[in-house]
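What follows is a single structure, written as structure tokens, with notes after it.
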Amino acid sequence: MPDKSTLEVCVTPGLLPLYPIDDKVVVVIDVLRATTTMCVALDQGADKVIPVDTIEECLSFTGKENYILAGERNGRKVEGFHFGNSPFEFMDGVVKGKTLVLTTTNGTRAIKMAEHSYQVVIGGFLNFTALTKWIVAEGRDTLLLCSGWRNKFNLEDTVFAGAIIHHIKEYFLVDSDSAFAAEKLYLNSRRNMLHFMKQSSHYRRLAHLGVVNDIKYCLRPDLTSIVPVLKNGALVIANSTKHPRN
Ligand code: MLT
């Protein structure tokens, strides 16, 4: 019986240097809101999503045909961008056939930090089942990377990591305190996720900005079956999860 692959949790990008990832799948998690928004954009027909670290890099794409500049700092849309980072901004066909260049406070930074791994994949509650099936099918050592908030722990990403662990741990070797804690957080919150998330700092931050509907949307499970993967610096839909229409 071959040894099982490992499934681990890194609760903030600040701890990522402690985890060798060259041969690992890294699942980047930023459920409020970056990885949710990226999934929505691709599900809505965007050709690809290019995550960039800085506002300046994003602005360098200004004027390129079929390119949309988007993102936030401290949850607010950046001046000079077409859109912010609300998933609702990327619906109704506005991104179909376009390339989205996105920079956010934590999520895009986490993706860039993990890009030297074997494969970066992203998700949120909205593609939970497809994402967990993809991770199991890939069957490689896997690190769940929580984007956190400015290198600090946040509730929502670790709860989501715990949800993944709880649902697929039978297929992996799970043996770390961070994975144990993440799963317990999930089990303690799943009966009323919104109520639990109201205790998170990012809920308060986003509520102060008047985007509670974004939070409610970001917590809705299985709205899409696509799984975005990072290829040549851009997020695209993994072939095995493409819609027939794609
Ligand atoms: C992040 O990058 O931490 C979030 O996406 C910020 C936000 O709420 O847009």
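The values are calculated or read from the model by the stated rules, or taken from the named source; none is laboratory data. None of these values were measured; they are calculated from a predicted model. Here the Cβ is made from the backbone with ideal geometry for all residues, glycine too, and neighbour counts use every protein chain on show. All accessible areas refer to the heavy atoms of the entire protein, side chains included, with ligands and DNA or RNA removed. Shrake-Rupley method; radii C 1.70, N 1.55, O 1.52, S 1.80 Å.
Going residue by residue through region 129-144, is there one that turns out to be among the acidic types (Asp, Glu), out of contact with any Gly (no Cβ under 7 Å at 6 or more places or on another chain) and away from the ligand (no atom under 16 Å from the Cβ)?
Filtering region 129-144 for residues among the acidic types (Asp, Glu) gives 138, 141.
Now narrow it down to the ones that are out of contact with any Gly (no Cβ under 7 Å at 6 or more places or on another chain): 138, 141.
Next cut, away from the ligand (no atom under 16 Å from the Cβ) only: 138, 141.
Checking region 129-144: at least one residue is among the acidic types (Asp, Glu), out of contact with any Gly (no Cβ under 7 Å at 6 or more places or on another chain) and away from the ligand (no atom under 16 Å from the Cβ).
When you go through (1) assigned to a loop (DSSP other than H, G, I, E, B); (2) within 10 Å of the ligand (Cβ to nearest atom) one by one for residue 102, which number turns out not to apply?
The single condition residue 102 does not satisfy is (1).
Between a first residue in region 12-38 that is in a loop (DSSP other than H, G, I, E, B) and a second residue that is of a type in the set (Gly, Ala, Ser) and near the ligand (Cβ under 9 Å from one of its atoms), which pairs have beta carbons less than 7 Å apart while being 6 or more apart in sequence or on different chains?
Going by the 7 Å Cβ cut-off, the qualifying pairs are 12/148; 30/107; 30/110; 30/147; 33/86.
Where in region 182-246 are there helices (runs of 4 or more DSSP H), lying fully within it, with 1 or more residues that are more than 16 Å from the ligand (Cβ to nearest atom) and open to solvent by 20 Å² or more (accessible area, probe 1.4 Å)? Even if it seems obvious, please write down each step before you answer.
Numbers: elements: 193-197, 201-208, 212-218.
Result: 193-197.
How many of the residues in region 40-73 are closer than 17 Å to residue 218 by Cβ and either in a loop (DSSP other than H, G, I, E, B) or in contact with a Phe, Trp or Tyr (Cβ under 8 Å, 6 or more places away or on another chain) (or both)? Explain how you work it out, then say what you get.
Going through region 40-73, the residues closer than 17 Å to residue 218 by Cβ turn out to be 40-44, 49, 70-72.
This time we only want the ones that are either in a loop (DSSP other than H, G, I, E, B) or in contact with a Phe, Trp or Tyr (Cβ under 8 Å, 6 or more places away or on another chain) (or both), so: 40-41, 44, 70-71.
Final tally of qualifying residues: 5.
In region 60-91, how many are of a type outside the set (Ser, Thr, Tyr), at negative phi and open to solvent by less than 20 Å² (accessible area, probe 1.4 Å)?
Pass one, region 60-91, residues of a type outside the set (Ser, Thr, Tyr): 61, 63-66, 68-85, 87-91.
Going one step further and asking which of them are at negative phi, we end up with 61, 64-65, 68-70, 72-73, 76-79, 81-85, 87-91.
In the following step, the residues that additionally are open to solvent by less than 20 Å² (accessible area, probe 1.4 Å) were identified as 68-70, 72, 78, 81, 84-85, 87, 90.
Adding up the residues that qualify gives 10.
When only residues in region 106-155 that are in contact with a helix residue (DSSP H, G or I) (Cβ under 8 Å, 6 or more places away or on another chain) and assigned to a loop (DSSP other than H, G, I, E, B) count, which is surrounded by the most Cβ atoms within 10 Å (Cβ to Cβ)?
124
Can you name every residue in region 71-99 that is near the ligand (Cβ under 10 Å from one of its atoms) and in contact with a strand residue (DSSP E or B) (Cβ under 6 Å, 6 or more places away or on another chain)?
71, 84, 85
Out of all the residues in region 115-125, which are away from the ligand (no atom under 14 Å from the Cβ) and among the aliphatic types (A, V, I, L, M)?
Residues satisfying the conditions are 120, 121.
Which members of region 15-63 meet the condition of being within 14 Å of the ligand (Cβ to nearest atom) and under 15 Å from residue 113 (Cβ atoms)?
Pass one, region 15-63, residues within 14 Å of the ligand (Cβ to nearest atom): 28-41, 49, 51-55, 58.
Matches in region 15-63: 28, 29, 30, 34, 35, 51, 52, 53, 54.
Quickly run through region 28-59 and pick out the residues that are within 18 Å of residue 105 (Cα to Cα) and open to solvent by 30 Å² or more (accessible area, probe 1.4 Å).
Within region 28-59, 53, 54, 55, 56, 57, 59 meet the criteria.
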